[in-house]
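Single-structure report; data block below.
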């Protein structure tokens with residue numbers, strides 16, 4: 001809807017399914033990067049990427065096959081994990097970027113995960129403005 005408002009482009013069912021497929025491919029890439037950051041590995045593994053992709057595609061059984069808030073949220077959380085696992089970004093930058101990604105997907109989830117993120121950093125003793 002946002003794309004249509006700014007560009008005038010309209011997507012049919014097939015176009016939305018292609019966008020959904022591309023977003024799940026990028027989400028799987030995000031999960032593979034999260035694993036790389038978490039275990040401090042040097043390279044991304046193709047097998048891990050394919051495993052993450054298979055896990056996201058398993059959602060086909062309960063998520064709609066076109067773009068929805070839930071499928072957009074699933075991809076947004078994949079990138080939230082990438083951002084939270086980065087070591088070289090300050091907390092304020094990470095928080096703003098996370099909230100921007102999650103706000104795009106769903107406002108209520110953005111607020112909930114925002115609160116959980118603050119609690120996580122408070123417990124980790126890494127919270128500084």
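Brief remarks on what is shown
The rows are residues; the columns are (1) at pLDDT below 70; (2) assigned to a helix (DSSP H, G or I); (3) surrounded by fewer than 12 Cβ atoms within 10 Å (Cβ to Cβ); (4) in contact with a strand residue (DSSP E or B) (Cβ under 9 Å, 6 or more places away or on another chain).
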| position | (1), (2), (3), (4) |
| --- | --- |
| 65 | yes, no, no, no |
| 71 | no, yes, no, no |
| 88 | no, no, yes, no |
| 102 | yes, yes, no, no |
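Each row is one residue, and each column tells you yes or no for (1) under 17 Å from the mean Cα position of the chain (by Cα); (2) farther than 22 Å from residue 86 by Cβ; (3) modelled with pLDDT of 90 or more.
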residue: 1; (1), (2), (3): no, yes, no
residue: 4; (1), (2), (3): no, yes, no
residue: 14; (1), (2), (3): no, yes, no
residue: 18; (1), (2), (3): no, yes, no
residue: 21; (1), (2), (3): yes, yes, no
residue: 25; (1), (2), (3): yes, no, yes
residue: 31; (1), (2), (3): yes, no, yes
residue: 44; (1), (2), (3): no, no, yes
residue: 48; (1), (2), (3): yes, no, yes
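The values are calculated or read from the model by the stated rules, or taken from the named source; none is laboratory data. This one's a predicted model, so the numbers in the text were calculated from it and none came from an experiment. Glycine gets a Cβ as well: all are built from the backbone with ideal geometry, and neighbour counts include every protein chain shown.
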